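Asks: Quick one: the structure is below, questions incoming.
The values are calculated or read from the model by the stated rules, or taken from the named source; none is laboratory data. Here the structure is a predicted model, which means the values were calculated and not measured. Reconstructed Cβ throughout: ideal geometry from the backbone, glycine too, with neighbour counts over all protein chains shown. Areas reflect the complete protein model, heavy atoms only, side chains present, ligands, DNA and RNA absent. Shrake-Rupley method; radii C 1.70, N 1.55, O 1.52, S 1.80 Å.
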Amino acid sequence: KQEVTQIPAALSVPEGENLVLNCSFTDSAIYNLQWFRQDPGKGLTSLLLIQSSQREQTSGRLNASLDKSSGRSTLYIAASQPGDSATYLCAVRQPSGGGSNYKLTFGKGTLLTVNP
Amino acid sequence: NAGVMQNPRHLVRRRGQEARLRCSPMKGHSHVYWYRQLPEEGLKFMVYLQKENIIDESGMPKERFSAEFPKEGPSILRIQQVVRGDSAAYFCASSPRQGGETQYFGPGTRLLVL
C-alpha cells in the first residue's frame, strides 16, 4: 500500500528566503508525481507534474525534483513571498485495478507561512 | 471554460439526515473522481466514475455512501444517515480521458454534521 509522507508538517519563514519542502513515498512504482497548492477553504491548484522518467520540472520560482528509486521528491521555492503562504500537497499517481485506471495518493501536506 | 464546479460549498446536516454533494466536471471531461479530506488528514481517494459507470470504488466506505454520474447532469455523492465522523471537505476532480493525466479539482464541499 502506497504511503506518502511530507516533512515538515508546518514551516514559517521570513519573506525572501529560499525553502525546500520534502515528500517521500514507499512504493517507487509510480506513473508520475504532482505538487499542488491548497489555500484555506479552497480547492487544489496544480503546480508541477513530474513524469516518472523525469528528474525535475520548473515553473517560475518553483522547482520540483524526483528521485524515483529512493522514493523522494522536493519542491524548492525561491525568494518566497507572503502570497506563497498555503498548504502544499504532494501526490503520486499509480496504476490501479488494471487497465488504464490510475489513482492519486496524497500526503498530508506542509503548511507554509511566509512572513512579511 | 469554467472549471470544476461543486455545490453546495458548505452543507450542514444533523445526524441521521442525508447529504447530497454535486460535481459538474469541466466541459469535455467525462471522468470524475471524488476525494475526502478529514481534519488533519490528507486527501483520500473515494471513487472514480465515468458517465453512467463506476470504475473504481475501492475508497468508498462500505455503507451509507454512494456515487453516480448520470448521462445527463452532475455527478452526485450521496451520504445517507450522516454521522459526525462524516464531517470533512469533499473534493471532486475531473479529467478528459482515462489514464495518468492531471486531474482538475473543484473548490470542495465542506460538510458539517451536528
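Asks: Give me a comma-separated list of calculated 3J(HN,Hα) values for the range B:30-45, in order, Karplus coefficients 6.51, -1.76, 1.60 applied at θ = phi - 60°, integers in Hz, x for any Gly or Pro.
Replies: Per residue, the Karplus-derived 3J(HN,Hα) values read 10, 10, 10, 10, 10, 10, 10, 10, 7, x, 6, 10, x, 5, 10, 4 Hz.
Asks: For chain A, what is the Kirkwood hydrodynamic radius in Å, using each pair of distinct C-alpha atoms?
Replies: Values: mean 1/r = 0.0697 Å⁻¹.
Result for chain A stands at 14.3 Å.
Asks: Suppose we keep just the alpha-carbon trace of the range A:1-56; what are its Rg and Dmax in angstrom?
Replies: When restricted to the Cα atoms of the range A:1-56, Rg and Dmax are 13.4, 39 Å.
Asks: Let me ask something additional. Would you check the range B:6-114 for Lys pairs whose C-alpha atoms are within less than 16 Å, ignoring same-chain pairs closer than 8 in sequence, and give me the count?
Replies: 4
Asks: Going by amide H atoms built from the backbone, whose H comes under 5 Å of the H on B:Ala88, apart from near neighbours?
Replies: B:Leu111
Asks: Using only atoms on other chains, find how many Cβ atoms lie within 10 Å of each Cβ of peptide A:42-50 and report the average.
Replies: Taking all residues of A:42-50 together, the mean is 4.
Asks: Please report the buried accessible area for the interface of A with B, total over both chains, probe 1.4 Å, in Å² to the nearest 100.
Replies: 1700
Asks: Given a Förster distance of 35 angstrom, what is the FRET efficiency for B:Ser30 paired with A:Glu15, based on the Cβ-Cβ distance and rounded to 0.05? All intermediate terms of the calculation are to be shown ahead of the outcome.
Replies: Numbers: r = 43 Å, r/R0 = 1.24.
The formula returns an efficiency of 0.20 here.
Asks: To continue, here is another question. Would you mind telling me the share, in percent, of accessible area of the protein assembly as shown contributed by carbon and sulfur at probe 1.4 angstrom?
Replies: On the way: 5280 of 11160 Å².
C and S fraction of accessible area: 47 percent.
Asks: Based on the Cβ-Cβ distance of B:Arg78 and A:Thr26, what FRET efficiency does E = 1/(1 + (r/R0)^6) give at R0 = 30 Å, to the nearest 0.05? Intermediate results must be reported in sequence, preceding the final value.
Replies: Working: r = 33 Å, r/R0 = 1.10.
Working from the Cβ atoms, E equals 0.35.
Asks: Give the long-range amide H neighbours of A:Ser96: residues separated by 5 or more places, or on another chain, with amide H under 5 Å away, using H modelled in the peptide plane at 1.01 Å from N.
Replies: For A:Ser96, whose amide H was placed from the backbone, the distant partners under 5 Å are A:Asn101, A:Tyr102, A:Lys103.
Asks: Size of the dipole of the protein assembly as shown about the Cα centre, Lys and Arg at +1 and Asp and Glu at -1 on the beta carbon, nothing else charged, in debye to 20?
Replies: Values: 27 positive and 19 negative charges, 137 e Å.
Using only the charged Cβ atoms, the result is roughly 660 debye.
Asks: If you find the alpha carbon centre of the range A:46-70 and of the range B:1-48, how far apart are they in angstrom?
Replies: 28
Asks: Hey, what's the range B:1-96 come to in accessible area per residue, 1.4 Å probe, Å²?
Replies: Heavy-atom accessible area per residue stands at 52 Å².
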